[in-house]
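Here's the structure we're looking at; comments come further down.
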Amino acid sequence: MDSKLLEILVCPVCKGPLVFDKSAQELICKADRLAFPVRDGIPMMLESEARELPADEEVRGG
Ligand SMILES: [Zn+2]
């Protein structure tokens with residue numbers, strides 16, 4: 001995904017920064033522990049599309 005696009009994307013819930021998990025193709029908000037899916041390179045920035053991360057799931061950076 002375009003890194004410049006990633007720079008302007010923020011969490012729709014808390015407006016905080018997101019981390020792109022390349023292997024999972026998800027944008028992760030560490031504050032809310034939500035993972036937003038990226039489908040065909042298009043981030044699904046909707047809370048209803050997000051997956052809740054379990055408390056014990058490691059959040060990968062970078
Ligand atoms: Zn958030």
Per residue, what accessible area does the chain have, given a 1.4 Å probe and all protein chains present, in Å²? 66
Probe radius 1.4 Å, ligands and nucleic acids left out: which of 19, 13 has the largest accessible area, and how do the rest follow? 13, 19
Please calculate the 1.4 Å probe accessible area of residue 49, with all protein chains present, and give it to the nearest 10 Å². 70
In whole Hz, the Karplus estimates of ³J(HN,Hα) for the range 8-13 (6.51, -1.76, 1.60; θ = phi - 60°; x where Gly or Pro) are 8, 7, 10, 5, x, 8
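Any idea what the relative contact order of the range 3-52 is, in percent, if you count C-alpha pairs under 8 Å spaced at least 6 apart? Don't skip to the end; give the middle numbers.
Values: 74 pairs, mean separation 12.6, N = 50.
Relative contact order comes out at 25 percent.
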Please list, in order along the range 33-49, the HN-Hα scalar couplings obtained from phi with the Karplus expression 6.51 cos²θ - 1.76 cosθ + 1.60 (θ = phi - 60°), rounded to whole Hz, x for Gly and Pro. 6, 10, 10, 9, x, 10, 10, 6, x, 10, x, 8, 8, 10, 4, 5, 8
Along the Cα→Cβ direction, 7 angstrom out, place labels at residue 6 and residue 19. What is the inter-label distance in nm? 1.2
Could you check how much of the accessible area of the chain is carbon and sulfur, as a whole percent, using a 1.4 Å probe? 51
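The values are calculated or read from the model by the stated rules, or taken from the named source; none is laboratory data. Only a predicted model underlies this, so the values are computations on that prediction, with no experimental measurement involved. In this analysis, Cβ positions are derived from the backbone assuming ideal geometry, glycine residues included, and neighbour counts consider all displayed protein chains. Remember, those area values only see protein heavy atoms, side chains included, never the ligands or the DNA or RNA. Shrake-Rupley method; radii C 1.70, N 1.55, O 1.52, S 1.80 Å.
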